[in-house]
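The values are calculated or read from the model by the stated rules, or taken from the named source; none is laboratory data. Since we're looking at a predicted model, the values are computed, not measured. Because the Cβ atoms are built from the backbone with ideal geometry, glycine has one as well, and the counts that use them run over all protein chains shown.
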Amino acid sequence: MINTIAVLGAGQMGSGIAHVLAQKEYEVILFDISDSQLQNALAGINKNLERQANKGLVDLATIPFILGRIRTTMVMNDLADCDLAIEAVTEKETLKLEIFKKLDEIVKPEAVLASNTSSIPITRIAAVTKRPEKIIGMHFMNPVPVMKLVEVIRGLATSGETFEAIGALVGKLGKEMAVSSDYPGFIVNRILIPMINEAAFALFEGVASAEDIDKGMKLGTNQPMGPLTLADFIGLDTCLAIMEVLYAGFKDPKYRPCPLLVKMVEAGRLGRKSGQGFYHYGD
């Protein structure tokens with residue numbers, strides 16, 4: 001029975017996951033190494049709940065109770081008694097492996113450990129723990145409260161019991177599950193990120209301007225936003241990290257990161273979060 005869920009990482013994804021879990025009456029422990037990040041996450045969740053209330057999606061009177069289900073901590077040992085831990089930190093393999101090693105030592109043996117990774121193989125993550133049968137991928141889409149999909153990825157050793165428990169949780173959250181085999185990028189990012197990378201190549205090679213590339217894809221294929229705008233929204237560093245995982249995992253030159261994408265990340269032009277990416281944001 002899953003009642004208490006730990007979420008590791010209070011960034012955009014972690015706070016969104018905590019939001020939907022608390023809204024569905026799960027007790028949430030939100031962990032981060034930064035107190036300011038935790039406070040920003042709570043403020044963001046409150047703001048998003050108020051936005052939902054204004055749209056009639058949430059009863060305004062329930063917001064304090066939803067927020068009351070989220071407890072924050074900077075001490076990983078506080079996660080010891082959770083029934084499920086969902087890791088949602090930066091898409092860096094070394095960091096994720098380090099976290100799973102620690103979680104495996106701290107969290108009770110019967111608990112499931114899930115990763116929100118969008119590209120790193122679950123089998124590789126499971127291999128650093130003593131409970132590989134209880135390791136699974138839960139890749140939420142951004143923004144979590146809005147997007148209906150959760151990619152669920154079974155590692156080589158993931159048990160049927162673990163898979164069924166996570167599938168039931170996805171259903172209780174009111175979301176749809178897409179099941180992927182454990183290969184780099186899974187379903188969504190194996191298709192999406194190379195498209196973004198190809199859009200970067202089109203800009204790099206002078207095929208068209210960023211605006212016309214995005215316009216072509218929005219109006220020509222009915223996408224809600226163009227690939228370069230989407231890249232800025234995701235974060236160019238995240239897009240590059242996923243392309244590097246695909247390139248390393250498949251050893252196929254079609255996954256070679258665009259030199260322009262590499263250069264922009266090196267320059268700190270990461271998209272919306274830095275104020276500049278393929279487009280300029282702010283004053």
*Ala41 vs. criteria farther than 30 Å from Ala127 by Cα and buried (at least 17 other Cβ atoms within 10 Å of the Cβ)*: yes
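Given Ile106, Ile135, Ile70, Ile122, which one is more than 17 Å from Pro184 (Cα to Cα), under 21 Å from the mean Cα position of the chain (by Cα) and assigned by TED's automatic domain parsing to the domain that holds Ile17? Spell out the reasoning first.
Working: Ile106 fails: under 21 Å from the mean Cα position of the chain (by Cα); Ile135 fails: more than 17 Å from Pro184 (Cα to Cα); Ile122 fails: more than 17 Å from Pro184 (Cα to Cα).
Among Ile106, Ile135, Ile70, Ile122, only Ile70 is more than 17 Å from Pro184 (Cα to Cα), under 21 Å from the mean Cα position of the chain (by Cα) and assigned by TED's automatic domain parsing to the domain that holds Ile17.
Could you go through segment 188-199 and let me know if any residue there is over 20 Å from the mean Cα position of the chain (by Cα) and over 21 Å from Gln12 (Cα atoms).
Residues of segment 188-199 over 20 Å from the mean Cα position of the chain (by Cα): 198-199.
Subset that is over 21 Å from Gln12 (Cα atoms): 198-199.
Yes, because at least one residue in segment 188-199 is over 20 Å from the mean Cα position of the chain (by Cα) and over 21 Å from Gln12 (Cα atoms).
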*asked:* Among the listed residues Gln12, Gln52, Gln23, Gln37, identify the single one that is in the same structural domain as Thr73 (by TED's automatic domain parsing), in contact (Cβ under 8 Å) with a residue 12 or more places away in the chain and within 16 Å of the chain's Cα centre (by Cα).
replied: Gln12
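Return the residues of segment 142-192 that are in a strand (DSSP E or B) and charged (D, E, K, R); say none if nothing qualifies. Lay out the reasoning, then the answer.
Within segment 142-192, the subset in a strand (DSSP E or B) is 149-154, 176-180.
Hits for segment 142-192 are Glu151, Arg154, Glu176.
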*So how many residues does segment 216-241 have that are crowded, with 21+ Cβ neighbours inside 10 Å, part of a loop (DSSP other than H, G, I, E, B) and at pLDDT 95 or above?*
1
*asked:* Could you list, ordered by first residue, the pairs with Cβ atoms under 6 Å in which the first is in segment 195-215 and at pLDDT 95 or above and the second is in a loop (DSSP other than H, G, I, E, B), at least 6 apart or interchain?
replied: Asn197/Cys258; Ala200/Cys258; Phe201/Cys258; Phe204/Cys258; Ala210/Phe278; Asp214/Gly226
*Might you check whether a residue that is touching a strand residue (DSSP E or B) at 6+ places or on another chain (Cβ under 6 Å), over 19 Å from Asp182 (Cβ atoms) and at pLDDT 95 or above occurs anywhere in segment 48-64?*
no
_Test result for Ile242, under 21 Å from the mean Cα position of the chain (by Cα), touching a residue at least 60 places away in the same chain (Cβ under 8 Å) and under 22 Å from Val207 (Cβ atoms)_ = no
*Of the residues Ala88, Ala61, which is free of Cβ contacts under 8 Å to residues at least 24 places away in the same chain and either of a type in the set (Gly, Ala, Ser) or touching a Pro at 6+ places or on another chain (Cβ under 7 Å) (or both)?*
Ala61
